Amino acid sequence: MNKSLWRKIVNSVMMALTGLSAALAALALLAVLAFVARNGIAALNWDLLSKLPTPVGVPGGGVVNALAGSLIVIGLASLLAVPVGLGAGTYLSEFGRGRFADVVRYLADVLSGVPSIVIGIFAYNLIVSRQGQFSALSGGIALGVMMLPSVVRTTEEMMRMVPDSQREAALALGLTRWRTIASVVLPGARAGVTTGILLAVARVAGETAPLLFTAFGNPYWSVDIREPIATLPHTLFTYAISPYADWQAKAWGTALILTSLMLTAGVLSRRAGRHGTA
Amino acid sequence: MTIKLQAAPVRVVSSPTRAGATTEVHGAASASRADTEPRVELAASHLAMNVQDLAAGFGSFRAVDAISLEIRPRTITAIIGPSGSGKSTFLRCLNRMHEEVKGAWARGTVSLAGQDIYGPGVDPALVRRHVGMVFQKPNPFPTMSIYDNVAAGLRLNQWGRVPDMDERVERALRLAALWDEVKEKLFQSGTALSGGQQQRLCIARALAVEPEILLMDEPASALDPVATLRIEELMRELVRSYTIVIVTHNMQQAARVSDYTAFLMMGEDRAGRLIEQGPTDELFTNPKDSRTEDYITGRFG
C-alpha cells in the first residue's frame, strides 16, 4: 500500500471520528431539549405561568411564585455581582499589574471552581444562621457570589481587548484616567461585558443546590426579600421528587419554563455580542 | 497670556483673554474657557516650549539623552532621524504621554510658557489640554459618532453642559478641513471614514480642546499620497494659529512642511541624541554635521 493512500485513509478516519463526536455532542443537547419540551409542553398552560400552587389533590394551580422568586433572587444576585464584578474587572485590566492583582485573579479562578453547594453553605452561615431565617436575600447572595468570578474575568478580558491607542487618544485630550476608562474603555468593552453578564445570569439561574438552605422555597406568594422564597429550580426539584403525578407533570412544565428562560438569556447574549462590537 | 498646569491654583486672577496674542478663532475660544475655570497668572510672554537637557527611557534603557531644543511659537518643527533614534519618545515627553507606558521615566525640564511641565504638582491631564497630540495611526473612538469624537475632549473634561458645543465642533472640523465632507453625516460612526478623513477627524478632535501646541507623530505615514498632501496643506494652515511639532520618517515631508528641523540619531549606547537643529532650509541645504548630511542625502537610515 503506498504512503499517500494510507495518509488519505487515516485522514478520512480521523475526520469521521471528530465528525461523529460533534454529532454526538449535538445529539445529547438536542435530546435533553427535546425531552424537556415533549414532557413540558403537556403540562404547560397559562395557569402554570400565572397561578399560585394549589394543595395536593386540588387540580389546577401554577408556579408563578417561583417565577417571580427566581427573578427576584437573580436580580439580587446581579445587584451584588455586577457592580463589584465590573469594578474588580476594571481594576484588574487597567491598574492590576502587581502581586495583589495576581492574587485576586487567582482567587476568582478558584472561586469559579468551588462547588455551588459549598457557596450555599457559606451564604447559610453568613445570613441564614444569624438571621435565624431562610430568605430570598441569602439566596441572592449565594448566587451573586457564584456569578462574581465570571463577571470579573470577562470584564477584565473585554477591557483588555480595547486597544491602547484608544486609551492614548483619550489621555492625549487631557482626560483623566478614570474618565478615559469610564467614557472610552468601558463603552468599547460593553458588548463583550454584557454578553458575559448574561451568560453568568443564565448559568446561576438554573442553580438549585445553593438555594436549598438559603432561599429555601415557599409554597405561597412572597416578594419579601427577608422571607423564604420559591424559585424555579427549587420548585422543580420539590415537585419532581414528590410522589404525586400532578406535581411531577408540573415539574416538567417548570423545567420547560426554566430552560426557555436560559435559552432566551443565551440568545440575548449572542445578540449583545454581535451588535456594537468595538 | 496665561496657562494653568497645576491642580491647585497658586494665584487666581480674573479671566484674562488671550485674544491679543493669537488669531481671532483662537482668542475667542480661550475667552470662553477662561470664564469657566480659575486661572493662574504666569510670567509668560509667549507660548513657546523649551526643552533643557531631556533624558527619557524605559526601565534601564535610555531612549533619548541630553536633548535641548527650543520650539518657537507658530512654527512647525520637524523631528527627523533614523528608526530607533528616539523621535517618538522625545515627542511624547512634550505632553507627558511618554510616562503612560509602564516603566517609562523622563528627566530634565520641558517648559511651556516658562513653566516646567515636569515640575512638582503639575497635572499631566492639564498639560495635555495645552499640548494636544495626533498619533501615527488614526484612532477615532469607534463607539462615538463623528460629532461625539470631536466633542469628546470638551464634554468629558468638565461637568455639566458645554456652551456652544455645536459651534465648537463645527469650528474644529472646519479647522481640520473636514467639515464639508462630514457635515451631512455628523452622527454616523467615525470609523466609516477613509484613513485620511479619520486622521483629520483626529486632528479636529485634538483642536476642539483648544490646545496651543499640537504634537504629530508621523501623522501621514499610514496614509496614501493624496491624503498625505491634504494633511501637509492643513498643517500649513494651522501653523498660523498653532505651534506644531511633527515627527516624520519622510525627509521630503520635513523639507516641504517645516520651518525648523531637528535631527536625532542614536549613539553607541543606543540613546537618541540631537545631532543638529536649525531652520529647515539651512539644515537641508547646508548641514553642519557630516552625519546630518549623510542622512538627508540618503546614505543611511
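Each reported figure results from applying straightforward, stated rules to the coordinates on display, with no laboratory input. Worth saying up front: this structure is predicted, and the values here are computed from it rather than measured. In this analysis, Cβ positions are derived from the backbone assuming ideal geometry, glycine residues included, and neighbour counts consider all displayed protein chains.
Side notes on the structure shown:
- Counts of other chain beta carbons within 10 angstrom of each beta carbon in peptide B:99-112 average 1.
- Per residue, chain A reaches -24000 deg cm²/dmol at 222 nm when only DSSP H runs of four or more residues are counted, each adding -39500 (n - 2.57).
- Other residues with beta-carbon under 11 Å from the beta-carbon of B:VAL131 carry, at +1 per Lys or Arg and -1 per Asp or Glu, a net charge of +3.
- Karplus-based coupling profile of the range A:240-250, in residue order and whole Hz: 5, 8, 6, x, 9, 4, 5, 5, 5, 5, 5, with θ = phi - 60° in 6.51 cos²θ - 1.76 cosθ + 1.60 and x standing for Gly or Pro.
- Taking amide H as placed 1.01 Å from N in the peptide plane, A:MET161 has no amide H partner under 5 Å among residues 5 or more places away or on another chain.
- Here's how it looks for B:LEU264: its modeled amide H is under 5 Å from those of B:ILE80, B:GLY81, B:ILE275, which are all 5 or more places away or on a different chain.
- Listed pairs B:LYS102/B:LYS137; B:LYS137/B:LYS185; B:LYS102/B:LYS288 exceeding 26 Å between Cα atoms: B:LYS102/B:LYS288
- Karplus-based coupling profile of the range A:98-107, in residue order and whole Hz: x, 5, 4, 5, 4, 5, 4, 4, 5, 4, with θ = phi - 60° in 6.51 cos²θ - 1.76 cosθ + 1.60 and x standing for Gly or Pro.
- Pairwise centroid distance, computed over Cα atoms, of the range B:141-156 with the range A:35-105, Å: 37
- In percent, rounded to a whole number, the relative contact order of the range A:68-231 is 37, using alpha-carbon pairs under 8 Å and six or more apart.
- The Cα atoms of the range A:68-231 cover 59, 31, 24 Å along the three principal axes, with the biggest extent listed first.
- Modelled spin labels at B:THR109 and B:GLN188, positioned 7 Å past Cα toward Cβ, are 5.1 nm from each other.
- Placing +1 on the Cβ of every Lys and Arg and -1 on the Cβ of every Asp and Glu, with no other charges, gives the range A:68-231 a dipole of roughly 280 debye about its Cα centre.
- The mean count of C-beta atoms from other chains within 10 Å of the C-beta of residues in B:145-158, rounded to a whole number, is 2.
- Here the label points at A:SER112 and B:ARG270, each 7 Å from Cα along the C-beta direction, are separated by 3.7 nm in the simple model.
- Charge tally for B:THR297 (other residues, Cβ to Cβ under 13 Å; Lys, Arg +1; Asp, Glu -1): -1.
- Couplings 3J(HN,Hα) of the range B:242-249, computed from phi: 10, 9, 10, 10, 10, 9, 9, 8 Hz, in residue order, whole Hz [Karplus 6.51 cos²θ - 1.76 cosθ + 1.60, θ = phi - 60°; x for Gly and Pro].
- Length-normalised contact order for the range B:164-278 - Cα pairs under 8 Å, 6+ apart - percent: 20
- Toward the positive end of the charge dipole of the range A:68-231, with +1 on the Cβ of Lys and Arg and -1 on the Cβ of Asp and Glu, the farthest Cα among A:ILE119, A:ALA202, A:THR155 is that of A:THR155.
- Signed unit charges on C-beta, dipole axis of the range A:68-231, positive-most listed residue A:ALA68, A:SER222, A:VAL104: A:VAL104
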